[in-house]
Amino acid sequence: MDTMIGIIGGSGLYQIDGLEGASWVEVASPWGKPSDAILVGRLGGVPMAFLPRHGRGHVHSPTTVPYRANIDALKRLGVTDVFSISACGSFREELAPGDFVVVDQFVDRTFAREKSFFGTGCVAHVSLAHPTCPRLGDAAAAAGRAAGVTIHRGGTYLAMEGPQFSSVAESRLYRDWGCDVIGMTNMPEAKLAREAELCYASVAMITDYDSWHPDHDTVDITTIIATLTGNADKARALVAGLPALLGDARSPCPHGCDRALTHALLTAPEARDPTLLAKLDAVAGRVL
């Protein structure tokens, strides 16, 4: 199998520069319309697909992002490895605005989103004990360091519904829980990537200290946007280093991300809903 890198760009990252033969392509998905067309090309000789999570012009809120359509569209294009890049707040003094965190755990507090490709007519349960791919996490950390980014390897991401920022009480609670950063978009994205048997890594770009910090108890969108601008340049530099680290030839994931559905389907073949199965052709075609 050949490597194809998928980049899901968050707030402030709506374009990837330097793609050879770049073109925006529309991908039809049975799960709805993706956030935007997808920019495809080659970077460092490796195929790459870039999807702006909120759409160009930032038209989708965290709740209305069509997560299922986005992941399905990337899978249909042939993407094998997904890097999520998103803005976040920090719960730790040492995780400062401008730093990046390679996330490896999540606490999901979202409640208004469709979180699975599966359901009545085809039930499946995938493991999410380790929701990100260590191989991709290592690559993201290495690419970030090479680009001069202050990057932290490992951290727990609290996914909140939004679009409002946290109250002080919520911020203190999540900090006490042991969470490291807070954002609004990595869930259910990471869950859906696992169901689609895609390796997934999350790079959180810190913009602020959220409201727990005594000197930053009001999250100021003006300050966040200023930090986002600088972070976007760092993110592009990180992305530029990924092809050399991953290479164009791909072996099976040593952590089993690309085989997550092997033992996940519970519905007997004769009881499966043909309509749902048709929608799952890209996501679960390997096992169906």
Determine whether Tyr157 is closer than 27 Å to Asp215 by Cβ, of a type in the set (Ser, Thr, Tyr) and part of a helix (DSSP H, G or I). no
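Matching residues to (1) among the hydrophobic types (A, V, I, L, M, F, W, C); (2) under 19 Å from the mean Cα position of the chain (by Cα); (3) part of a loop (DSSP other than H, G, I, E, B):
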site: Leu136; (1), (2), (3): yes, yes, no
site: Ala142; (1), (2), (3): yes, yes, no
site: Arg172; (1), (2), (3): no, no, no
site: Arg194; (1), (2), (3): no, yes, no
site: Glu197; (1), (2), (3): no, yes, yes
Of these, Gly45, Gly57, Gly18, which one is touching a strand residue (DSSP E or B) at 6+ places or on another chain (Cβ under 7 Å) and farther than 22 Å from Ser166 by Cα? Gly18
Give Thr222, Thr227 a once-over and let me know the one that is farther than 21 Å from Arg135 by Cβ and either modelled with pLDDT of 90 or more or surrounded by 14 or more Cβ atoms within 10 Å (Cβ to Cβ) (or both). Thr227
Out of the residues in the stretch 11-36 that are crowded, with 16+ Cβ neighbours inside 10 Å and more than 17 Å from the chain's Cα centre (by Cα), state the one that is modelled with the lowest pLDDT. Leu19
Being closer than 11 Å to Gly9 by Cβ and basic (Lys, Arg) is the filter here, so list the residues in the stretch 45-88 that pass it. Arg53, Arg56
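So, Ala260, is that one modelled with pLDDT of 95 or more and closer than 20 Å to Pro47 by Cβ or not?
no
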Of the residues Leu95, Leu77, which single one is among the hydrophobic types (A, V, I, L, M, F, W, C), within 30 Å of Pro269 (Cβ to Cβ) and in contact (Cβ under 8 Å) with a residue 40 or more places away in the chain? Leu77
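Would you please name the residue that is nearest to Ile224 (Cα to Cα), looking only at residues in the stretch 1-24 that are hydrophobic (A, V, I, L, M, F, W, C) and in contact (Cβ under 8 Å) with a residue 40 or more places away in the chain?
The residue in question is Leu13.
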Working only within the stretch 108-133, note down all residues that are within 21 Å of His255 (Cβ to Cβ), out of contact with any Asp or Glu (no Cβ under 6 Å at 6 or more places or on another chain) and among the aliphatic types (A, V, I, L, M). Ala124, Leu128, Ala129
Evaluate the stretch 225-242: report whether one residue or more is assigned to a loop (DSSP other than H, G, I, E, B) and touching a Leu at 6+ places or on another chain (Cβ under 7 Å). no
Please work out which residue is nearest to Met1 (Cα to Cα), limiting yourself to the stretch 253-280 and to residues that are free of Cβ contacts under 8 Å to residues at least 12 places away in the same chain and part of a loop (DSSP other than H, G, I, E, B). Gly256
Only one residue in Thr120, Thr150 is more than 27 Å from Arg286 (Cα to Cα), β-branched (Val, Ile, Thr) and either free of Cβ contacts under 8 Å to residues at least 12 places away in the same chain or surrounded by fewer than 24 Cβ atoms within 10 Å (Cβ to Cβ) (or both). Which one? Thr150
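Just one of Val82, Val59 is among the hydrophobic types (A, V, I, L, M, F, W, C), surrounded by fewer than 21 Cβ atoms within 10 Å (Cβ to Cβ) and either assigned to a loop (DSSP other than H, G, I, E, B) or modelled with pLDDT of 95 or more (or both); which is it?
Just a single option satisfies the conditions, and that option is Val59.
The values are calculated or read from the model by the stated rules, or taken from the named source; none is laboratory data. Worth saying up front: this structure is predicted, and the values here are computed from it rather than measured. No Cβ is skipped: glycine too gets one built from the backbone with ideal geometry, and neighbour counts run over all protein chains shown.
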